[in-house]
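Student: Before I ask anything, let me first share the structure, which is written out below as structure tokens.
The values are calculated or read from the model by the stated rules, or taken from the named source; none is laboratory data. These numbers come from a predicted model, not from an experiment. Positions of Cβ are generated from backbone atoms using ideal geometry, with glycine treated the same way; all protein chains shown enter the neighbour counts.
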Amino acid sequence: MTGTPAKFEVLLTQGAEQDLEAIYDYIAEFDCVANANDVLDHLLDSAKRLSRFPQRGSYPKELLALGIKEYRQTSFKPHRVIYRVTERHVIICLIADERQDMQSVLARRLLGA
């Protein structure tokens, strides 16, 4: 169909899956399971929406300051979903609470620093 964007396959790295588990476990322990389920659903929906328009995400400012435009982000406050786009895939690399030291998190996970 003309005008219909190509659909990308959304994949989560092992690290992103672990991030989701840690976020869920934290909210379930310190808030409640219902809220943990709600946050998990919203984060997964945010990721799923990237299958249609992956380029809509902004560049993480911490990486942009280093001249790195390989990664993009979307969010469900206060969580940031950091991903990269390949020819046919959206690869979710990191899901983190933006209240963390994001410079360190990004450097450690994405840049291997």
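Student: Note down all Cβ pairs under 8 Å where the first residue falls in the range 102-113 and is touching a residue at least 12 places away in the same chain (Cβ under 8 Å), the second is among the hydroxyl-bearing types (S, T, Y), and they're at least six residues apart or on different chains.
Tutor: L110/Y71
Student: I'm told V39 meets every condition in (1) touching a helix residue (DSSP H, G or I) at 6+ places or on another chain (Cβ under 9 Å); (2) surrounded by 15 or more Cβ atoms within 10 Å (Cβ to Cβ); (3) within 20 Å of L11 (Cβ to Cβ) except one. Can you identify the failing condition by its number?
Tutor: (3)
Student: Anything in the range 58-74 that is of a type in the set (S, T, Y) and closer than 16 Å to V10 by Cβ? List them, or say none. Before you say what the answer is, go through the steps one by one.
Tutor: Taking the range 58-74 first, the residues of a type in the set (S, T, Y) are 58-59, 71, 74.
Listed by number, the residues that qualify are Y71, T74.
Student: Restricting the range 7-36 to residues that are loosely packed, with under 13 Cβ neighbours inside 10 Å and touching a Lys or Arg at 6+ places or on another chain (Cβ under 9 Å), which is modelled with the lowest pLDDT?
Tutor: K7
Student: What are the pairs with Cβ atoms under 6 angstrom where one residue, in the range 14-29, is hydroxyl-bearing (S, T, Y) and the other, located anywhere, is part of a helix (DSSP H, G or I) and surrounded by 14 or more Cβ atoms within 10 Å (Cβ to Cβ)? Sequence gap at least six, or different chains.
Tutor: If the second residue must be part of a helix (DSSP H, G or I) and surrounded by 14 or more Cβ atoms within 10 Å (Cβ to Cβ), the pairs left are Y24/A36; Y24/L40.
Student: Would you kindly identify the helices (runs of 4 or more DSSP H) lying entirely within the chain that contain at least 1 residues that are of a type in the set (D, E) and more than 14 Å from the chain's Cα centre (by Cα)?
Tutor: Details: elements: 14-30, 33-49, 61-64, 102-110.
By residue number, 14-30, 33-49, 61-64.
Student: Select from the range 48-65 the residues that are over 25 Å from K7 (Cα atoms) and touching a residue at least 24 places away in the same chain (Cβ under 8 Å) and list them in ascending order.
Tutor: Filtering the range 48-65 for residues over 25 Å from K7 (Cα atoms) gives 61-65.
E62, L63, listed by residue number.
Student: Turning to a different aspect of this structure: Restricting to the range 58-72, count the residues that are of a type outside the set (G, A, S) and loosely packed, with under 10 Cβ neighbours inside 10 Å. Outline the logic, then answer.
Tutor: Kept after step one, since they are of a type outside the set (G, A, S), are these residues of the range 58-72: 59-64, 66, 68-72.
In the following step, the residues that additionally are loosely packed, with under 10 Cβ neighbours inside 10 Å were identified as none.
Of the residues in the range 58-72, 0 are of a type outside the set (G, A, S) and loosely packed, with under 10 Cβ neighbours inside 10 Å.
Student: Taking the range 86-100 only, how many residues are surrounded by 11 or more Cβ atoms within 10 Å (Cβ to Cβ) and of a type in the set (D, E)? Explain how you work it out, then say what you get.
Tutor: First, pick out the residues of the range 86-100 that are surrounded by 11 or more Cβ atoms within 10 Å (Cβ to Cβ): 86, 89-98, 100.
Okay, now just the ones that are also of a type in the set (D, E), so 97-98.
Residues meeting the conditions: 2.
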